[in-house]
Amino acid sequence: MAPLPRRTRFRYSLGSFVTGAFGTVPGLLLLPYLTDTMAVPAAVAGVIVFVPKAWDVLFNPIAGRLSDADLVKTGSRRRFLLRGGIGVAILFAVLFAHPGFGSPGPDATYVVIAFFLCATAYAFFQVPFNALPAELTESAEERTKLTSVRIGVLAVAILVSGGAAPAITDVLDGVAGYRVMGVVMAVIILAATIAVYTGLKGAPVGSLRPNALSFKQQLRTIAQWRPFRWLMGTYFIQALGIGTVLAAIPYFAQHVLGDPSYRTALFVGFVGPALVTMPLWPRLGRRYGKLNGFRIATAVFTVGLLGLILAKELPFALTLVFVALSGVGYAGISVFPLAILPDLITAEEERTGETRAGITAGVWTASETLGLALGPGLFGIVLQLGGYVSSTDATAAQPGSAVTAILLGSSVLPAVLIALAAPLLRRKVLEPKPAAQP
């Protein structure tokens with residue numbers, strides 16, 4: 001089987017700038033955008049961050065089904081990528097435009113509607129984007145290479161978007177900073193969408209298997225697909241932990257470390273080591289096995305997060321060491337699930353003789369989206385329980401209980417969530433022996 005051209009791997013991976021920006025920036029800044037510029041109570045803000053993405057849990061499998069049908073009809077998923085990406089770009093800028101209606105209720109309602117629409121548009125991009133690796137090549141080795149390039153570009157995208165977004169809001173304080181940041185991120189999303197759409201023109205497409213089952217039957221089949229369920233469960237729990245970490249960074253910088261400008265340094269200190277070590281995890285996986293690599297990455301991430309409980313007593317440089325260790329683990333838990341998933345999809349399609357990539361990617365994306373959305377929501381509840389005081393200018397004095405809640409919500413809580421996924425990494429489920437062909 002001919003290897004994928006390098007240009008195809010790279011052009012496909014450019015779509016990670018869409019997923020990286022949408023997956024990172026709202027999780028990093030949407031909660032403080034609500035609590036510290038609109039005076040929305042922390043618990044309500046957490047619900048606002050969660051609800052629109054929870055919609056995707058229901059809608060992503062539908063988007064996957066539509067994408068599968070369009071693939072069979074037209075031979076390509078590219079037009080879904082284009083339309084979805086353009087929609088995300090426009091609505092992302094709208095989301096952070098801050099209407100300024102003058103009271104928390106109308107302002108929060110505006111955010112809910114804009115985020116709801118943006119999450120819907122994102123489904124039409126992300127679902128076919130996740131489905132493509134299983135179709136661009138039928139070689140497990142080539143899919144691993146493709147995934148490795150994609151993860152590398154994703155790390156760059158997360159570093160760029162997650163580093164630039166808070167930096168912009170630091171330079172341009174308050175509402176103006178969020179508005180400019182939204183436009184800048186929208187331009188990045190739009191450019192990445194056009195790049196991946198044009199770059200995949202003429203790219204190979206795997207066997208187009210018919211959709212003989214109804215949508216409900218396909219969902220039932222996926223529910224009975226044990227290896228996929230276990231991998232998705234692992235990914236969901238850890239996405240919940242990652243979502244909590246991202247939401248905590250601005251509050252951790254301002255109220256635990258005492259300087260809101262530290263949030264850019266914290267984010268770069270987290271993602272930078274992830275970017276550097278990202279290529280090393282696949283090598284470790286090839287030598288010791290993907291599941292063993294996954295377990296090691298989980299342990300490293302957990303230890304790094306637990307070290308942050310000492311942040312108030314440690315010098316900032318030592319705190320960054322634990323942040324960097326967390327980033328190294330984050331790189332690993334990002335690589336291994338996406339390296340295993342295409343293999344599971346191909347094995348299931350070969351077993352059934354029908355297209356599964358689109359709807360599987362839809363369910364997978366829904367799980368990831370739900371985890372990343374629940375993380376900020378969970379952290380919002382922690383803030384509320386700690387008595388966090390919301391405001392319109394981020395200057396409200398916080399009680400000691402709020403600072404303690406931020407510290408625990410930034411370290412112990414996500415560490416527990418990351419570690420909880422470890423028991424699901426069972427070899428007999430995720431690396432089963434090939435079934436005998438009938």
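See the values below:
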{"item": "Restricting region 41-127 to trypsin sites (Lys or Arg not before Pro) in coil, as DSSP defines it, with at most 13 other Cβ within 10 Å", "result": "none"}
{"item": "Charge-dipole axis of the chain as Lys and Arg at +1 and Asp and Glu at -1 on Cβ define it, positive-most pick from SER391, GLY272, GLY15", "result": "GLY15"}
{"item": "Cα pair distances of region 1-128 binned at 5 Å [whole percent]", "result": "2, 10, 18, 20, 17, 12, 9, 6, 4, 2, 1, 0, 0"}
{"item": "Computed E for LEU280/LEU385 - FRET, C-beta separation, R0 51 angstrom, nearest 0.05", "result": "0.85"}
{"item": "Principal axis dimensions, largest first and in whole angstrom, of the chain by Cα", "result": "68, 44, 37"}
{"item": "Gyration tensor verdict on region 387-431 (Cα atoms; rounded if a/c is under 1.5, prolate if a/b is larger than b/c, oblate otherwise)", "result": "prolate"}
{"item": "Solvent-accessible area per residue for the chain (1.4 angstrom probe, square angstrom)", "result": "38 Å²"}
{"item": "Calculated P(r) tail over 17 Å for region 49-121, as whole % of Cα pairs", "result": "52 percent"}
{"item": "Taking the C-alpha atoms of region 273-313, convex hull volume expressed per residue in Å³", "result": "61 Å³"}
{"item": "Region 5-70: C-alpha gyration tensor shape, a/c 1.5 cut-off, then a/b vs b/c", "result": "oblate"}
{"item": "Taking the chain and dividing mean pair separation by its residue count, relative contact order in percent (alpha carbons under 8 Å, at least six apart)", "result": "30 percent"}
{"item": "Accessible area of the chain belonging to carbon and sulfur atoms, whole % at 1.4 Å probe", "result": "68 percent"}
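The values are calculated or read from the model by the stated rules, or taken from the named source; none is laboratory data. Note that the structure is a prediction, hence the values are computed from the model and not measured. FYI the Cβ positions are ideal-geometry reconstructions off the backbone, even for glycines, and counts take in every protein chain you see. Each accessible area value is taken on the protein alone, full model and side chains, heavy atoms only, with ligands, DNA and RNA left out. Shrake-Rupley method; radii C 1.70, N 1.55, O 1.52, S 1.80 Å.
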